[in-house]
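J.: The following block contains the structure, expressed as structure tokens.
The values are calculated or read from the model by the stated rules, or taken from the named source; none is laboratory data. From a predicted model like this one, the values you see are computed outputs, not experimental measurements. In this analysis, Cβ positions are derived from the backbone assuming ideal geometry, glycine residues included, and neighbour counts consider all displayed protein chains.
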Amino acid sequence: MQSSTSASQNLPGVVPVGFFCIQRVAALGVIMLHEELVANLRNMLVEGQIPPGARIDERELCARFGISRTPLREALKVLASEGTIVLLPHKGARAAKLTRKDVADLFEVVEGLEAKAGELACERITEAQLAEIAAAHHAMVEHHKAGDLAAYYRCNRTIHELIVAAADNAVLAGLYQSVTARIRRARFVAPMSPEHWALAVLEHEAILNALVRRDSRALAYLLGRHLRHKREETERAGFAADAEQTTRNRKARTRAAGEG
Ligand SMILES: [Zn+2]
């Protein structure tokens, strides 16, 4: 590893510490770990700031994080091994594209995970957790009445995450987080039709009722079906194929995105 900046002559830019390297980030005045850099880049990819198929601008990223190319490329190698980016010989790197098949595969898994989470949540949910989900549900219904889609999506996401949390299974929670993060990459949401939105709210009423009754079979079925409808909606909205053309207005639309 080489020193990264002339500003850090006295302190080497890169200090190997165990398995990790500490990169002195002159621009931010903080120490950034290799792991932290990887996590930051992964977030940018997951949140759509770097859309699927987009070229990775090494120069811009180096400037943004105040680092040299060497630690950046080390981080990119990690992301390539995860399949989040693709390294191209002599051409740098691109954010991996998601195909319709990729997204369909992800949804199939998340449907199963949510169904299982619902089943377990019925056995394990506390009164306090139930009250929290009910409060989020009622807030979400108000956002639907007000036609506020972004706020609705935020509440919706909270409810789904709270159900997974109530399942109290760390493996399931970890898988859920990883898969939903990958789905968010593909989500260049088209506005929901009023009919679909109304249906989703009705589905959520049934989900809350099943949870209150601790009816695990009903809840597993309802969550699976709710997610299937979400997948159909996402497929209709279109993704992946038009990734590069829609790069410019992606950010605004991604902000309104949410699952389920
Ligand atoms: Zn939902």
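J.: Inspect region 203-217 for any residue being in a helix (DSSP H, G or I), under 22 Å from the mean Cα position of the chain (by Cα) and surrounded by fewer than 22 Cβ atoms within 10 Å (Cβ to Cβ) and give the result as yes or no. Show your work before the answer.
T.: Narrowing region 203-217 to residues in a helix (DSSP H, G or I): 203-212, 216-217.
Add one more test, that the residue is under 22 Å from the mean Cα position of the chain (by Cα), and what stays is 204.
Now narrow it down to the ones that are surrounded by fewer than 22 Cβ atoms within 10 Å (Cβ to Cβ): none.
Taking every residue of region 203-217 in turn, none turns out to be in a helix (DSSP H, G or I), under 22 Å from the mean Cα position of the chain (by Cα) and surrounded by fewer than 22 Cβ atoms within 10 Å (Cβ to Cβ).
J.: Every residue in region 67-84 that is at pLDDT below 90 and outside any helix (DSSP H, G or I), please.
T.: Answer for region 67-84, where residues must be at pLDDT below 90 and outside any helix (DSSP H, G or I): 83, 84.
J.: List the number of the failed condition for residue 147; all other conditions in (1) free of Cβ contacts under 8 Å to residues at least 24 places away in the same chain; (2) at negative phi hold.
T.: (2)
Yes/no matrix, rows are residues, columns are (1) modelled with pLDDT of 75 or more; (2) in contact with a Ser or Thr (Cβ under 6 Å, 6 or more places away or on another chain); (3) not hydrophobic (A, V, I, L, M, F, W, C); (4) not assigned by TED's automatic domain parsing to the domain that holds residue 110:
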site	(1), (2), (3), (4)
192	yes, no, no, no
200	yes, no, no, no
215	yes, no, yes, no
226	yes, no, yes, no
231	yes, no, yes, no
238	no, no, yes, no
245	no, no, yes, no
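Yes/no per residue for (1) surrounded by 17 or more Cβ atoms within 10 Å (Cβ to Cβ); (2) within 16 Å of the ligand (Cβ to nearest atom); (3) polar (S, T, N, Q); (4) free of Cβ contacts under 8 Å to residues at least 60 places away in the same chain:
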| residue | (1), (2), (3), (4) |
| --- | --- |
| 123 | no, no, no, no |
| 128 | no, no, no, yes |
| 194 | no, no, no, yes |
| 199 | no, yes, no, yes |
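J.: Give me a count of the residues in region 93-104 that are modelled with pLDDT of 90 or more and among the charged types (D, E, K, R).
T.: Number satisfying all stated conditions: 1.
J.: How many residues are in contact with a Gly (Cβ under 9 Å, 6 or more places away or on another chain), closer than 30 Å to residue 236 by Cβ and β-branched (Val, Ile, Thr) if we restrict to region 57-102?
T.: Looking only at that region, the number is 0.
J.: Looking at (1) more than 15 Å from the ligand (Cβ to nearest atom); (2) under 22 Å from residue 124 (Cα atoms), find the lone condition where residue 158 falls short.
T.: (1)
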